[in-house]
1. Tally up the residues in segment A:7-57 that are assigned to a strand (DSSP E or B) and among the polar types (S, T, N, Q), please.
2. Could you figure out which of (1) crowded, with 18+ Cβ neighbours inside 10 Å; (2) within 17 Å of A:L190 (Cβ to Cβ); (3) in contact with a strand residue (DSSP E or B) (Cβ under 7 Å, 6 or more places away or on another chain) isn't true of A:L242?
3. Could you grab me the full set of residues in segment A:60-89 that are farther than 19 Å from B:R142 by Cα and in a helix (DSSP H, G or I)?
4. Hey, among A:I68, A:I80, which residue is of a type in the set (A, V, I, L, M) and in contact with a Leu (Cβ under 7 Å, 6 or more places away or on another chain)?
5. Looking at segment B:129-142, can you tell me whether even one residue there is buried (at least 18 other Cβ atoms within 10 Å of the Cβ) and closer than 25 Å to B:K22 by Cα?
6. Can you name the residue in segment A:44-66 that is closer than 27 Å to A:N10 by Cβ and within 13 Å of chain B (Cβ to nearest Cβ) and, of all such residues, is modelled with the lowest pLDDT?
7. Return a yes/no flag: does segment A:142-161 have any residue that is closer than 30 Å to A:F215 by Cα, in contact (Cβ under 8 Å) with a residue 24 or more places away in the chain, of a type outside the set (D, E, K, R) and part of a helix (DSSP H, G or I).
8. For segment A:171-269, which fully contained strands (runs of 3 or more DSSP E) count at least 2 residues that are in contact with an Asp or Glu (Cβ under 8 Å, 6 or more places away or on another chain)?
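The values are calculated or read from the model by the stated rules, or taken from the named source; none is laboratory data. Predicted, not measured: the structure shown is a model, and the values here were computed from it. Every residue, glycine among them, receives a Cβ derived from its backbone with ideal geometry; neighbour counts consider all protein chains shown.
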Amino acid sequence: MGGVEEHIFNLSQCLISHGHKVIVMTHSYGERVGVRYMTNGLKVYYLPVRVFYNQCVLPTMVCSLPLIRYIFIRERITIIHGHSAFSALAHEAMVIGRLMGLKTVFTDHSLFGFADASAIITNKLLEMSLADCNHCICVSHTGKENTVLRARVHCGRVSVIPNAVDTAVFTPDPSKRSTDSITIVVISRLVYRKGVDLMAQVIAEICPRYPQLQFLIGGDGPKRWLLEEVRERGGLQDRVTLLGSLEHSQVRDVLTRGHIFLNTSLTEAYCMAIVEAASCGLQVVSTKVGGIPEVLPSDLIYLTEPNVPSLLLGLETALANLRSGNVVPPWDCHHRVALLYNWMDVASRTETVYHRVAGEKSKTLGSQLRRYMASGVLPFLLIISLAHLMLRFLDWMVPHKVSIRFTTSILLNI
Amino acid sequence: MCENSNRVTKLTSTHRSVDGKKLWLDIISHDSSNLCFEFTVKNVSVFFTGKKFVFSVFVIVSLLAALDIHNPNLYVVVVLIFVIGRLIAELLWSVNSESVLLVAPVGLQLTATYQFGRQTSQFIPWHFITDVIINEAITLHRVVYYLAVLLEQPYHETTRKKLIPLFQHTRPRLACLEMIYQRIQRGAAFPEVSSQ
């Protein structure tokens, strides 16, 4: 989840520097409710929406309608940009915005399966919500395929704009690496989909073979016990260090202490972590899943299959190359990544999408309902009609004066 | 009162409240130096000729006419009690105008005037005030701007608060708040906050 927030923050800063007005709308986080101003005048609305398990809100479509409508009119929003398929608030805001005649853009950050119950329901909800979306953005070509198949969006309406990293922050520092041992860094949430089981087995098998190897593991999660068990069993307390959850500002310091970065995810649309590691000059060993093959050039990454023998082979190749000196120097690696990925480029590509979307004509209620009908869930049309009636009622009760001059305001949602 | 003195100036302008009601803002400057001024926000419409009052009276009279004293219908009695109760509540507790009297460096006095002239007031000594700000708050169905006084820690002894919002009942809109804010900031120099 941290990746999406990073993305929104960096994208907002770049758009503000281009002269747009950006508002971020999200639900409340603990005590944090109300309006806050972040760097460069980025306004963030923490709405008092009731939060349930694991920082999620209920997928209502019309419950926050008066408040969201009020904010749209107050800030003179023209484009709504929703992020993350799991964000109920994003879908709600996009539905309401479309009924009010604003343009909508949606960015999908993850890959999803098709087979299990939660995937089927989420895919159907996404299909209904994106039936009338003006444009979609995905973070990799694999992500685009996945979104087009899942949500049945026409591929002409989907663009691919990858994430970027802040290469000014993630710079290499070879002096911090230890000279007598080789350090492998792993930074990820310790959950099943990040391949913690693979990681644990790899550690257990490779440590006896290479006595000068050290592991630095940052991040926390429900599978942490697995790594601690491996540590205990193999007697690797001094060779495997578990750092716990890291603040974003500490990530770079941990990365620069390593020689190799290991990523064992089982599924990934676009991995920010490996780009950050490559930007810090580390060699990257990763499983070949999802959108990872598209991210880095082939000489900066060692791709393996998502099983233990292949990962061991990849790691051993990396170690052998390191020992023989057959590696790309850290600063060269950093410069290449900095050329490939930077936030201003992402922001200008996103702006192209915004310009294209702003030029489209607003649709009448009838044509919107016809678009929603294509998804096949007819009761959804009732919800849309209810939302429309509520908007008409609110137009009578809390009217707004129509301003002729609209500023380009974009609203990003989480 | 002191409107007769030569040094007193009064500026009146019309504004709207957050709900759309018309308001008057009076800025009275009691002194030619910017040390003492008073901001009053008051409702334009008089209560006793307003649509709501006339309608309530009409409803009460018609219910009383429909009520048979010797054999009262329960529902009519309940509705009658409700409507009369609501009318009394409005007479007693609806705020007609609110005013802020700023005398530097004595303090700030907030006064609320109800119907029939009843007034309640609150005084904030000068050395407790850090600053006056305009902030935004999200209520259930709208986002409003409000003017607030920031207080120094340790807390103001009577209210134990860090922030006191002004004009809570009349709730003027941003244009009115900005006028008041600019006059206050131009005039008064608030005491420096001691760093801890």
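1. Kept after step one, since they are assigned to a strand (DSSP E or B), are these residues of segment A:7-57: A:21-27, A:29, A:32, A:34-37, A:43-47.
Add one more test, that the residue is among the polar types (S, T, N, Q), and what stays is A:26.
Counting residues in segment A:7-57 that are assigned to a strand (DSSP E or B) and among the polar types (S, T, N, Q) gives 1.
2. So A:L242 meets the others, but not (1).
3. A:A88
4. When all the criteria are applied, what remains is A:I80.
5. The answer is yes, given that some residue of segment B:129-142 is buried (at least 18 other Cβ atoms within 10 Å of the Cβ) and closer than 25 Å to B:K22 by Cα.
6. Out of the qualifying residues, it is A:V49.
7. Looking through segment A:142-161, none of the residues is closer than 30 Å to A:F215 by Cα, in contact (Cβ under 8 Å) with a residue 24 or more places away in the chain, of a type outside the set (D, E, K, R) and part of a helix (DSSP H, G or I).
8. Once the strands (runs of 3 or more DSSP E) in segment A:171-269 are filtered for at least 2 residues that are in contact with an Asp or Glu (Cβ under 8 Å, 6 or more places away or on another chain), what remains is A:240-244.
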